[in-house]
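What follows is a single structure, written as structure tokens, with notes after it.
The values are calculated or read from the model by the stated rules, or taken from the named source; none is laboratory data. For clarity, every value in this text was computed on a predicted model and none was experimentally measured. In this analysis, Cβ positions are derived from the backbone assuming ideal geometry, glycine residues included, and neighbour counts consider all displayed protein chains.
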Amino acid sequence: MGNCCASPAGSDKTKQKGAKKLNPFAIDHNKSRNPSGLKLVVLDDPTGRDISSHYELGKELGRGEFGVTYLCTDKSNGEAYACKSISKKKLRTAIDVEDVRREVEIMKHMPEHPNIVSLKDTYEDETAVHIVMELCEGGELFDRIVARGHYTERAAAAVTRTIVEVVQMCHKHGVIHRDLKPENFLFASKKETAPLKAIDFGLSVFFKPGERFTEIVGSPYYMAPEVLKRNYGPEIDVWSAGVILYILLCGIPPFWAETEQGVAQAIIRSVVDFTRDPWPRISDNAKDLVKQMLNPDPQKRLTAQEVLDHPWLLNAKKAPNVSLGETVRARLQQFSVMNKFKKRALRVIAEHLSVEEVADIKDMFQNMDTNNNGKITPEELKCGLHKFGHQVTDADVQVLMNAADVDGNGTLDYGEFVAVSIHLRRIGNDEHLHKAFTYFDQNKSGYIEIEELRECLADDFDPNHEEVINAIIHDVDTDKDGKVSYEEFATMMKAGTDWRKASRQYSRERFNNLSLKLQKDGSFQVTIAGR
């Protein structure tokens, strides 16, 4: 799922005299494609309506902002696939709908390629869109590297070649990927020779030569400087691939900071450090390629083809096969497990807390439902909101009704009311984080200790890797007392370093309030509204 409102800079197609401009965030915006307006139609040409007639959905493989990915079995031959099922209830705006539609169209448009996950079928029923695609069971890129135990420049070159070949294929077919990052690449199987495949085109967009885009999308640590400046084209994919290459070679990202402003400022400065270990031992050819892929000027940055023609990749099989050292491997492992730590905490916030809040929401619903018929009218919603201290105008009440009234019957049932309630309550991050912290602090000591972290992450990694847990504690434990306090945990969660969650929603909420001010010395001052 990506951000479909990434419009070309200077695009003025909607500015016709006298034309009433449609609100792309209106819940009924999609009626132009579905004149009856009775049911939401997402896909233009799905394979079918009933996925259960051809496939059996099995265990959950992963979960994202909009969809859940399941193991999917073809009933006719027993072949296994992955199916991303996207609930229509979560497609609140026309932009969300267009995101799904465009993701499917791009997957259909891309030619068959050994390193791009293939689309098998698409289904759409009344409640969800189902995207059936090739199953990749070999795990994530960094996890495979860590498991090997011996990591070299030659291995990094092979991975980089694959990633840039995907970029080249995208660009040849008029697609900017816009969200290249390690977790969007999986191995097809657990075999040592299994191909690495790009699996997610949710932020990708079609482009024409010379077309420029303005919306900030992607994952913060991999964003090119011109994305933050809101004027970019396909060159951003080479930058992101360059960031991945830097991480592959040394285990840490080139542009890092504790705050969103700091991340943006580091990217804008584009100063790449080649002094820390193991860079002094890395070949000049490898460093030269990193420099040219991370050139802040997109016009001087290498194209995908030029990257593939670079001597380091042309001679990838001759690149040094000497281990980059245990430091790099340990950093990559820590990087991978730290992501899982934060992901687990975010899962607690997203799922566990909503269950705990149900009782309060139910009480609020019953208080507002004055005639006890299980439905809340606009007038009941308005009176109830005022009673609970929300001074909302009639117009805003109607906006809330339109957004939450999924079945369009003019009232809110309990399920629809939950969405309004969560939106209005805006429970503070600290309350959420306290609950997540409690999940890890199993003995209620007020600290997350090494044993508790090991136990909570036991499903995500080999528990024998004691050094990884120690490294995570060391990073988060700023006062160095050997355990993580709530304040240290909250700092980690608020630092903007969650590499996996940094998606469309993150970009909208965090970086779309970003502004750049040119200083006298030619540098940019970065500010983010509300930060």
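In this structure, Val132 does satisfy being over 18 Å from Val175 (Cβ atoms), at pLDDT 95 or above, hydrophobic (A, V, I, L, M, F, W, C) and in a strand (DSSP E or B). Kindly establish whether Asp273 is under 30 Å from Ile472 (Cα atoms) and either without any contact (Cβ under 8 Å) to a residue 60 or more places away in the chain or in a helix (DSSP H, G or I) (or both). Yes, satisfied.
Asp179 falls short on exactly one of the conditions (1) at pLDDT 95 or above; (2) under 20 Å from the mean Cα position of the chain (by Cα); (3) not basic (Lys, Arg), and that condition is (1).
Checking each residue in the range 269-323 for being more than 31 Å from the chain's Cα centre (by Cα) and closer than 15 Å to Val243 by Cβ picks out no residue at all.
Listed conditions (1) more than 29 Å from Asp273 (Cα to Cα); (2) over 20 Å from the mean Cα position of the chain (by Cα) are all met by Gly251, apart from (1).
Does any residue of the range 157-173 turn out to be surrounded by fewer than 19 Cβ atoms within 10 Å (Cβ to Cβ) and either acidic (Asp, Glu) or assigned to a loop (DSSP other than H, G, I, E, B) (or both)? Yes, the conditions are met somewhere in the range 157-173. Is it the case that the range 88-99 has a residue that's closer than 25 Å to Pro182 by Cβ and either of a type in the set (A, V, I, L, M) or touching a His at 6+ places or on another chain (Cβ under 7 Å) (or both)? No; the residues of the range 88-99 include none that is closer than 25 Å to Pro182 by Cβ and either of a type in the set (A, V, I, L, M) or touching a His at 6+ places or on another chain (Cβ under 7 Å) (or both). Once the range 282-309 is narrowed to residues that are in a helix (DSSP H, G or I) and among the basic types (Lys, Arg), the residue that is surrounded by the most Cβ atoms within 10 Å (Cβ to Cβ) is Lys287. Scanning for something charged (D, E, K, R), within 19 Å of the chain's Cα centre (by Cα) and in a strand (DSSP E or B), does the range 231-238 turn up at least one residue? No, the range 231-238 contains no residue that is charged (D, E, K, R), within 19 Å of the chain's Cα centre (by Cα) and in a strand (DSSP E or B). Could you tell me whether any residue of the range 232-246 is at pLDDT below 95 and more than 23 Å from Gln261 (Cβ to Cβ)? Yes, the range 232-246 contains a residue that is at pLDDT below 95 and more than 23 Å from Gln261 (Cβ to Cβ). Just give me the residues in the range 436-486 being modelled with pLDDT of 80 or more and either among the hydroxyl-bearing types (Ser, Thr, Tyr) or within 16 Å of Asp143 (Cβ to Cβ) (or both), in sequence order. The answer is Thr438, Tyr439, Ser445, Tyr447, Ser485, Tyr486. Inclusion of Asp125 among residues that are in contact with a Lys or Arg (Cβ under 8 Å, 6 or more places away or on another chain) and crowded, with 19+ Cβ neighbours inside 10 Å is not warranted. For the range 186-197, does any single residue satisfy the condition of being among the acidic types (Asp, Glu) and within 21 Å of Pro111 (Cα to Cα)? No, the range 186-197 has no match at all.
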